[in-house]
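K.L.:
Okay, handing you the structure first.
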């Protein structure tokens, strides 16, 4: 059974994981050498994950605590920048509700204009809308913006 992505719905649509896995291989969006240049340190080769994420771990790294950069494509299809804005606002609201219950800090969404596509930074990730899909780059803001400059032209 193949996943079909309806393009004309009134709300953002969650789509099947199979569609996410058919997205461009995330390790092709940013080479190891590009990641090392942005971070100014040696890394392990990019590690595609079963979930569809791609991890860039520090040299000798083996697991999540060693991840320096994480690339993900969220399983949503958004038809407009307004839907993206609403989606990010809802994500922040949900995060803040969970953090309030846990006694943690509050998150804010900061518009990022220097990416060349609709984008928000919600620490620790840059959310970028392109072609109806949302690419998330987990890194600090300056590094995430540099990564986006390399990755977005390849994110088709």
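The values are calculated or read from the model by the stated rules, or taken from the named source; none is laboratory data. These numbers were taken from a predicted model, which means no experiment stands behind them. A quick note on method: Cβ atoms are made from the backbone with ideal geometry, for glycine too, and the neighbour counts reach across all protein chains shown.
K.L.:
Is it the case that some residue within the stretch 88-99 is modelled with pLDDT of 95 or more and within 25 Å of residue 150 (Cα to Cα)?
P.N.:
There is at least one residue in the stretch 88-99 that is modelled with pLDDT of 95 or more and within 25 Å of residue 150 (Cα to Cα).
K.L.:
Quick one: in the stretch 38-65, of everything that is modelled with pLDDT of 95 or more and part of a helix (DSSP H, G or I), which residue is surrounded by the fewest Cβ atoms within 10 Å (Cβ to Cβ)?
P.N.:
Across the stretch 38-65, the extreme among qualifying residues is 39.
K.L.:
Still on this structure: Against the condition assigned to a loop (DSSP other than H, G, I, E, B), in contact with a strand residue (DSSP E or B) (Cβ under 9 Å, 6 or more places away or on another chain), at pLDDT below 95 and exposed (fewer than 13 other Cβ atoms within 10 Å of the Cβ), how does residue 24 come out, does it pass? Please lay out each step first, then the result.
P.N.:
Working: assigned to a loop (DSSP other than H, G, I, E, B): yes; in contact with a strand residue (DSSP E or B) (Cβ under 9 Å, 6 or more places away or on another chain): yes; at pLDDT below 95: yes; exposed (fewer than 13 other Cβ atoms within 10 Å of the Cβ): no.
Taking the combined requirement at face value, the residue does not satisfy it.
K.L.:
Which is closer than 22 Å to residue 40 by Cβ and in contact with a helix residue (DSSP H, G or I) (Cβ under 9 Å, 6 or more places away or on another chain), of 115, 76?
P.N.:
Working: 76 fails: closer than 22 Å to residue 40 by Cβ.
Answer to the check: 115.
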